Amino acid sequence: MSTPPPQNTGFPHRHLLGIEGLSSTEITLLLDLSDAYVEINRSADKKRNHLSGRTLINLFFETSTRTRTSFELAAKRLGADVINISVSDSAIKKGETLLDTAMTLNAMHADVLVVRHPFSGGVTLLSQKVNCAVINAGDGSHEHPTQALLDAVTIRRRKGRLEGLRVAICGDVAHSRVARSNIHLLNTMGASVRVVGPPTLVPGQIGRLGVEVFHDMRKGIKDCDIVMMLRLQSERMHGAFVPSIREYFHFWGLDYAKLAEAKPDALIMHPGPMNRGVEIDSEVADDMGRSLIREQVEMGVAVRMACLEILTRIRTNGAPVPGPVT
Ligand code: CP
């Protein structure tokens, strides 16, 4: 579709398909707006009308708790109508293709499609066939842009900055769209990124993304400000990548003994869903002083409100929507 991207919003993109390619200015715009929404979400009156009259469709070809729910909540708080399409109940089960499904929804004049798909590039392909805004809610092992944005808001609120921080992304990097989006975002914002994991779960060429690679957990998280754990994504694994769960936890699971190598004020993150006792010890995950996991979920709603506002800040006739952000 040749519909031009929105103008005069500070975010000259029609869709949010990935973090790769966004400038630090564009990322900062989204983070600042998210911060404003955090405060609104903590107040009694959480409703705004920026998306009044608009329709958002959640189209998830993979399971989700956090992302799907927070997009629904975000859109409703902004006044939009929301439809959730469950793939198991849709015509996709009868053999309809991804693109035919997209064009069908497009014909119903949706304003935003939020799409999660198991294939890397699947959401980008879909975005080329519709004239509404498309947000990538995770495509294969490629990108999960709103996760990286919510992680960045969480870190920035706690540490006051992203620039100069040392962040270790640990575990199943090979199958992780969260890792890729975070690497792009943190590098763009001036953080120093390490990836830490066994050779079977860290792609050989990952260094090209501008990260340091460690195959020893203790060395990898040494003196880090943030330790970000990743889930073992068995749904994307074909074959055995780890000898056993017990052995994986012994070498790669985050417990207090390993965490002692990080800075004394290092904070712990996990995008969820967590496998307790696999990639993270339960006590560490629930450590209210150091674990940001619940805060990440809270930030998810604010970030998605910001993304929805930015991508719909233009009327269908092409004129920017006036008025304040909050
Ligand atoms: N982090 C994340 O994407 O979680 P869900 O799979 O629950 O959406």
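Every number here is computed from the coordinates shown, using simple stated rules; none is lab data. Remember, predicted model here, so these are calculated numbers, not experimental data. We place every Cβ from the backbone using ideal geometry, glycine too, and count neighbours over all the protein chains shown.
Can you tell which of 179, 148, 152 is among the hydrophobic types (A, V, I, L, M, F, W, C), under 15 Å from the mean Cα position of the chain (by Cα), within 11 Å of the ligand (Cβ to nearest atom) and crowded, with 24+ Cβ neighbours inside 10 Å?
Answer to the check: 148.
Quick check: anything in the stretch 37-52 out of contact with any Phe, Trp or Tyr (no Cβ under 8 Å at 6 or more places or on another chain), within 15 Å of the ligand (Cβ to nearest atom) and assigned to a helix (DSSP H, G or I)?
The answer is no, given that none of the residues of the stretch 37-52 is out of contact with any Phe, Trp or Tyr (no Cβ under 8 Å at 6 or more places or on another chain), within 15 Å of the ligand (Cβ to nearest atom) and assigned to a helix (DSSP H, G or I).
Starting from residues that are closer than 21 Å to residue 145 by Cα and surrounded by fewer than 19 Cβ atoms within 10 Å (Cβ to Cβ), keep the ones in the stretch 69-81 and report whichever is nearest to the ligand (Cβ to nearest atom).
Looking at residues that are closer than 21 Å to residue 145 by Cα and surrounded by fewer than 19 Cβ atoms within 10 Å (Cβ to Cβ), I get 69.
For a quick check of your reading of the model, give me the residue pairs whose first member lies in the stretch 156-168 and is touching a residue at least 24 places away in the same chain (Cβ under 8 Å), whose second is of a type in the set (Phe, Trp, Tyr), with beta-carbon atoms closer than 8 Å and at least 6 apart or on different chains.
Every condition considered, the pairs that remain are 168/214.
Does the stretch 160-208 hold any residues that are in contact with a His (Cβ under 9 Å, 6 or more places away or on another chain) and among the hydroxyl-bearing types (Ser, Thr, Tyr), and which are they?
176, 181
Every residue, every condition in (1) without any contact (Cβ under 8 Å) to a residue 60 or more places away in the chain; (2) more than 25 Å from residue 183 (Cβ to Cβ); (3) in a helix (DSSP H, G or I); (4) away from the ligand (no atom under 15 Å from the Cβ), yes or no:
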{"site": "228", "(1), (2), (3), (4)": "no, no, no, no"}
{"site": "242", "(1), (2), (3), (4)": "yes, no, no, yes"}
{"site": "246", "(1), (2), (3), (4)": "yes, yes, yes, yes"}
{"site": "258", "(1), (2), (3), (4)": "yes, no, yes, yes"}
{"site": "265", "(1), (2), (3), (4)": "yes, no, no, yes"}
{"site": "287", "(1), (2), (3), (4)": "yes, yes, no, yes"}
{"site": "297", "(1), (2), (3), (4)": "no, no, yes, no"}
{"site": "306", "(1), (2), (3), (4)": "no, no, yes, yes"}
{"site": "310", "(1), (2), (3), (4)": "no, no, yes, yes"}
